[in-house]
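Input: a single structure, listed below in structure tokens.
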Amino acid sequence: MQQIYLDYNATTPIAPSVQEAMLPYLSEHYGNPSSTHALGRSAMAAIDDARGRVAALLGADRDEIIFTSGGTEANNLALQGMLLRDVPGRSGHLVTTEIEHPAVIEPAKHLERLGIEVTFVNANRQGVVEPEAIEAALRPHTRLVSVMHANNETGVIQPIRQIVELCHANQVLVHTDAAQTVGKIRTMVGEMGVDMLSLAGHKIYAPKGVGALYVNRSVPLEPVLCGAGHENGLRPGTENTPYIVALGQACSLVRKALDESADRMAMLRDRLWGKLRAEIGPQLGLNGHASERLPNTLSVNFPGAVGAQLLARIPELCASTGSACHSGTTRVSPTLAAMGVSPEAARGTVRLSVGWYTSEEQIDRAAELLIGAWEAVVDA
Ligand SMILES: Cc1ncc(COP(=O)(O)O)c(C=O)c1O
């Protein structure tokens, strides 16, 4: 059976040129980048080259890019590295949101358990975190605000620039988890004004297990792991040369393709929405803001249906739901719940996310299969 993969927000396949670029670093270029001999130097040169490519995609300087094992580690480094500084007294305050990925929510809760004050700001009904709500949460001892650039489930893009302006006016630094936006929309750190930004390789056609944190050089961050002085002293451990090379190549690819691929993804996403809506009618709900949205993401709730049951009827289609089943009970997505989406609508939600290798034929087939499954469920 030919799979139709509409789950690019979960992960992407590895682009052929990315795989090609990394392979020599799994074989002949095996030197430790810290070694001063020829094999070490060639590995370090490849890492430097990759660092330049990541920096170019973000409009940053090379020395502001810290390679990590992925988006989760980048977020942990940003939050813990900032809030656990000057440990005695631990007087800092962190502001984040209820719609963050667990890769931010959980480190924030961990900090809370360590005695640090954390405020979780909610999003509005359209899934947007209002800058005024962030401003209202600031305290004199707020050290960091962390708001994701776009949500992984709804694709809603957050007003980061305005949030940064309000925070900087209060001398508060801003981190953004851009795992879902890098490579899909512009993510130039200078334009956004952010002080730190996380990205994940496997959302941009690089392998899983590599990512990066942009840290503006004026930010006083401390490492979370203890070890040698790699990555500007912020992330100890021998660098994962092949994956870093892959990430660099992926950043160059997405940078070149950005505008064109955004237009194409939006066309595919809108085609899918149009077909579903034409058959199912206006009761088919769209989760999140209709226009401030990633070009590739469609989070829809099917009336009278459960997303997981719909997908179970369509083994050909790879997509995600708005709820998770654990030991027989259904837990709706915290993001959808925080936005005020009803439990029924959250249970009926399917997230469809397109990418580089999605074709129009696949969109048409996916629409046909989803409509068929929905009709079968509501008729049953
Ligand atoms: C918004 C967001 N942040 C962070 C992550 C975690 O990234 P990684 O899987 O590289 O740790 C993801 C991945 O699902 C994500 O969507």
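In terms of the mean number of neighbouring beta-carbon atoms within 10 Å, the peptides 40-53, 272-285 order highest first as 40-53, 272-285.
Considering only alpha-carbon pairs that sit under 8 angstrom and 6 or more positions apart, the relative contact order computed for the chain is 23 percent. Using the rule -39500 (n - 2.57) for each DSSP H run of four or more residues, divided by the residues of the chain, the 222 nm mean residue ellipticity is -12500 deg cm²/dmol.
Where both bridge residues fall in the chain, DSSP classifies roughly 55% of the beta bridges as antiparallel. Near the amide H of E117, within less than 5 Å, lie the amide hydrogens of L94, all on another chain or at least 5 residues away, with H placed in the peptide plane.
Derived scalar couplings between HN and Hα for the range 136-142 equal 5, 8, 5, 10, x, 9, 5 Hz in order, rounded to whole Hz, by the Karplus curve 6.51 cos²θ - 1.76 cosθ + 1.60 (θ = phi - 60°), x for Gly and Pro. Neighbour counts of other Cβ atoms within 10 Å put S342, S261, S333 in the fewest-to-most order S342, S261, S333. Over the range 78-137, what lengths in whole Å, largest first, do the semi-axes of the equivalent ellipsoid take, defined as the square roots of 5 times the eigenvalues of the alpha-carbon gyration tensor? Working through the eigenvalues yields semi-axes of 23, 12, 8 Å.
Convex hull over the Cα atoms of the range 67-106, averaged projected area in nm²?
So the Cα hull casts an average projection of 3.2 nm².
Near the amide H of T68, within less than 5 Å, lie the amide hydrogens of G211, A212, L213, all on another chain or at least 5 residues away, with H placed in the peptide plane. How would the range 162-243 be classified by its alpha-carbon gyration tensor: rounded, prolate or oblate, with rounded meaning a/c under 1.5 and the a/b versus b/c comparison settling the rest? In terms of gyration-tensor shape, oblate. Compared with the alpha-carbon gap, the fully stretched path from A38 to D379 is longer by 115.9 nm at 0.36 nm per residue. In terms of its C-alpha gyration tensor, the range 16-254 has a prolate overall shape, because the principal axis ratio a/c (a ≥ b ≥ c, square roots of the eigenvalues) is not below 1.5 and a/b outweighs b/c.
Extension gain for E191-A228 works out to 10.0 nm (0.36 nm per residue, less the C-alpha to C-alpha distance).
Taking Lys and Arg as +1 and Asp and Glu as -1, the other residues whose beta-carbon sits under 12 Å from that of I105 total -4.
Coupling constants for the range 166-182 follow from the phi torsions by the Karplus curve (6.51 cos²θ - 1.76 cosθ + 1.60, θ = phi - 60°), and in residue order they are 5, 5, 5, 5, 9, 6, 10, 7, 10, 10, 10, 8, 9, 4, 8, 9, 4 Hz; glycine and proline get x. With a cut-off of 12 Å between beta carbons, the residues surrounding L336 carry a summed charge of +1, where Lys and Arg count +1 and Asp and Glu -1. Within the shell defined by Cβ-Cβ distances under 14 Å, the residues around D259 carry a net charge of +3, with Lys and Arg each +1 and Asp and Glu each -1. Rounded to the nearest whole angstrom, the semi-axes of the ellipsoid equivalent to the range 262-352, taken from the Cα gyration tensor as √(5λ), stand at 21, 15, 13, largest first. Considering only G115, G201, G307, give the residue with the highest GNM mean-square fluctuation for the chain, with springs between Cα atoms whenever their separation is below 10 Å. Maximum among the listed residues: G115. Length available on full extension from R277 to R125: 0.36 nm per residue minus the Cα-Cα distance, which gives 52.6 nm.
Every read-out reported here was derived from the displayed coordinates using simple, explicitly stated rules and does not represent laboratory data. This structure is a prediction, so every number in the text was calculated from the model and none was measured. Because the Cβ atoms are built from the backbone with ideal geometry, glycine has one as well, and the counts that use them run over all protein chains shown.
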